[in-house]
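Single-structure report; data block below.
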Amino acid sequence: MMQFTSRSAPPLPPLLPNGLGFCTDNADASKPSVHRSWPLPGLLASSSSSSSSSKSLGGFNNASCMEQLLVHCANAIESNDATLAQQILWVLNNIAPPDGDSNQRLTSAFLRALIARASKTGSCKMLTAVAARADADLALHIHRFSAVDLASFIDLTPWHRFGYAAANAAIAEAVEGLPVVHIVDLGTTHCMQIPTLIDLLANRPEGPPFLRLTVPSLTTTMAPPMLDMSYDELGSRLVNFARSRNVAMEFRVIPSDPNDAFDSLVEQIRVQRLVSEGEAMIVNCQMMLHYIPDETVVGAAMAAAMNMNSAMLSLRTLFLKALRSLEPALVTVVDEDADFTACDVVGRLRAAFNYLWIPYDAVETFLPKGSEQRRWYESGVCWKIENVIAQEGLQRVERLETKGRWAQRMRAAGFRSVGFSEEAAGEVKLMLDEHAAGWGMKREEEDFMLTWKGHNVVFATAWVPSL
Amino acid sequence: MKRDHQDIGGGRGGYPAVTGADNNHRNSFGVPATVAIAEPSAVTTASSLLSSGVYDFRPIPPPIPASGSRGVYGADLPSEMIESPREPKRMRTCSSSSSSSPGGIASGVMGLSTENASSAKSAAGLPVVVVDTQETGIRLVHALLACAEAVQQENFKAADALVKQISMLAAAQGGPMRKVAGYFAEAIARRIYRRCPRPGSDRAALDSPALDDLLHVHFYESCPYLKFAHFTANQAILEAFASCRRVHVIDFGLRQGMQWPALLQALALRPGGPPSFRLTGIGPPQADHSDALQQVGWKLAVLAKNIGIEFHFRGFVAASLADLEPRMLLELESGNKGDRGDDGEEAVAVNSVMELHRLLARPGAVEKVLGTVRALRPRIVTVVEEEANHNGRTFLERFTEALHYYSSMFDSLESGEAETAEGETASAAEEQQQHRAMAEAYLGRQICNVVACEGTERTERHETLGQWRWRMARAGFEPVHLGSNAYKQASMLLALYAGGEGFRVEEADGCLTLGWHTRPLIATSAWRVTAAAAATAAVTAAVTTR
């Protein structure tokens, strides 16, 4: 029996130019295609592709390594490289438990999304029994909140409160002295902004206006948080609350959905505007606009139905132009500052990983581990991740765009930015003081930007029709 | 006329029980009752060959086109068949009644000789017989088993005749059954003519470990068995190494080291930071004296460096694991005492993927190796073995078991390909086919070894999980349950990428098996030394290092 002891090394095999792995055994030309190369996250981390934000999640190596592994996994899935995908999935399963630290929980959510994606692609056949089991494991229980629960849930973090505070201040200023106010509330949190606004209006020196509130009830898009009551019931509760503040209020629900650019809502409003001319109308968009399909989602059927060349069809453009034609007194646009519209899943993965680490990081400061609310909170983020990664076409609704892009759209549709007053800034800061120190606000020209540890989170902008 | 095959073969009851309802298998072994009994007049018994005329088979009727050509299969049946002294009366009877035979298939007896065929043909405008694949499959199996029994009884003349018959039947068959039959037929032929391939012969080039490694890699790529082996073993090793700062894996069959990148990556990113990792890889001598082990070791070292885990490698070339001495591997550890610092004792994992069964070819070898493993005081021993008993007492037992096992194997390889994605390119599909062809060659070599070789050359001595459990217990090991985590992961990964819907992961008393439909084909188990055995080993070690 022979024994080879270690001796001087042969020259290191050259690395492939894309850094995707080490080239194996060039000497043996007969078996090049057979050998696998293992992706080297450590190497790739040094090549600038991961943004700096992920590094703040405790440990430079860990966060960027997780991201690179996820990217490689996504690539393996997309290219049907079953062996590599399986290996990386196995590694990720072990290093990212769903109950670990922020990094691990974030990675675990992405892992689940990738598995969901893999199970849809052609080369994977989720066996029915295993699929059912996997679904049970992966299934994100979408909690249905009661109004009270939802209100206290929203109040936990500035994520939504920031936009509310800025918008409410701007609205209050815009309707000074007006006897009737019509607000179209396009928000994802079921009118949770409105009670505070009612209070503001109730305390006007000139007395409250008559408040007309129009709200779409979504017919197709079902993103968390979900409410456990009908909008009719919600509406009557709001009206009662308003009454208790001596504010006369009318509540109207119109079934409408962002996936057709709120077509029925716009039409109803148009008709109603004919009747009540001179009424100030305010459109309050709180993270709802990004559910309107962008240019990358074009259904041929939809294009044919609208009698347009699908390349020209942009529901976002259509909606904003329609809005402009309604001559609103003010449009507030609040949304998450990230770009999830890349057509390739790897691009979206990077974008989502480098943005959605924020809620996982922030939650440590306001919800204890194991609490029910924390579970709801994280499952909401999981839902977003799964939607961005595993869904395609009209099912993929989380199509975030950055503030710059939305501003471009607004200007193209005929609006100009008016920004916020100092009072508004003061209100927002006051609100932020109630939350953890990591939250901050910065002003970008006229706009407000919510930040977490200096990273952009949510932007708030205010617009009026340009002449 | 249905033989009860339950007594043949070990493990799970050897030859499968006859179940007409067993429609899942593409090449069904089960003989539907109807076939065995029907049309006795058309059946040519092989009573001249067998003690109890049980393996009924009928030669396939060549389709007879109007032009009167001999038929698809060309060659006549061997003359022994026709001239067998006990047969002619029966055959003549059959041929003369061919024109008025009750069923279409019965007319097939004409294929026995050209004269018969042409005479029968001219007698009546006989229709072209459509060959029923399922039925020819059954006949093929019967022929194979008849052949094996002939070999067992050393009736090599009859066996040889049957081999030729098998080839004809196989040619009529399609799909995996044809290939399996082909390999088995070739193996029997080798056995008959004493042409068991052995290393060092003039066929050395084809039998080289390098070729074996190449085929092994294709086998790895084309089907889930080895991947399953690696995931499940790695899971046990990863969990056993939790919170250990120094770890040592001894791989009994390093080959291309494909098991280790995933484990290295998981260790590198585990919470608490990576351990320092040492790998000892064992491999067979290379014909061209190249240092294959060291090459693999260096590739893994480069990977380890890039993912940030401290890595050491040592290769051992050994013709047999029994050549390893405990002291050699133990010395390894104590030799590095100086480098240890205060990271604590090294945690050892011994990993054997389809290596232990080879030791059964030499008496005492497996006991020696398990003793060596005990002496290393491992935290975990992972064992993956083929789930079959191909080491039965008699040749016929082994043959029958192997036929069943490899039929399932080949079936599963084939199905994986049938389900390729719509989106897959032509070249990807081609690559899959290449993998499969090489994987089949890899399995073919095993078949050859099981069937054609004996003694120390017969190294593919697979035994069942139950048998290994007994061996391990006797050698002082107790099972470590693989856990529900491992099971869920394996199921999930299989579900995503198994390629065929027939794969099944099952849990059996803490061990995991992967199989095709109802048949487990590979089993992973994990072990540790019992406290009692550890105490004994410690005493022995203390004595020997003095």
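The values are calculated or read from the model by the stated rules, or taken from the named source; none is laboratory data. This one's a predicted model, so the numbers in the text were calculated from it and none came from an experiment. When we count neighbours, we look across all protein chains shown, and the Cβ atoms used for this are built from the backbone with ideal geometry, even at glycine. For accessibility, only protein heavy atoms count, side chains too; no ligands or nucleic acids. Shrake-Rupley method; radii C 1.70, N 1.55, O 1.52, S 1.80 Å.
3J(HN,Hα) along the range B:305-312, derived from phi through the Karplus expression 6.51 cos²θ - 1.76 cosθ + 1.60 where θ = phi - 60°, amounts to 4, 6, 9, x, 10, 5, 9, 10 Hz, with x in place of Gly and Pro. Amide H to amide H, with H built 1.01 Å from N, A:Ser217 comes under 5 Å of A:Ile254, A:Ser256, counting only residues 5 or more places away or on other chains.
Note on B:312-320: average number of Cβ atoms from other chains within 10 Å of each residue's Cβ is 3. Each peptide in B:135-148, B:261-274, B:478-491 was scored by the mean count of other Cβ atoms within 10 Å over its residues; highest first, the order is B:135-148, B:261-274, B:478-491.
Here the peptides B:515-526, B:458-469, A:416-427 are ranked by packing, the mean other Cβ count within 10 Å, and the order with the highest first is B:515-526, B:458-469, A:416-427.
Taken residue by residue and averaged, Cβ atoms of other chains lying within 10 Å of the Cβ of A:79-89 number 6. For A:Tyr360, the solvent-accessible surface with a 1.4 Å probe is about 10 Å², rounded to the nearest 10.
Relative to one another, the C-alpha centroids of the range A:206-248 and the range A:388-462 are positioned 24 Å apart. Neighbouring Cβ atoms from other chains, within 10 Å of the Cβ of residues in B:481-493, number 3 on average.
In this label model, A:Ser264 and B:Ser484 are separated by 4.5 nm, measuring between points 7 Å along each Cα→Cβ vector. Here the 3J(HN,Hα) profile of the range A:218-228, calculated from phi with Karplus coefficients 6.51, -1.76 and 1.60 at θ = phi - 60°, is 5, 9, 10, 5, 10, 9, x, x, 9, 9, 8 Hz, Gly and Pro shown as x.
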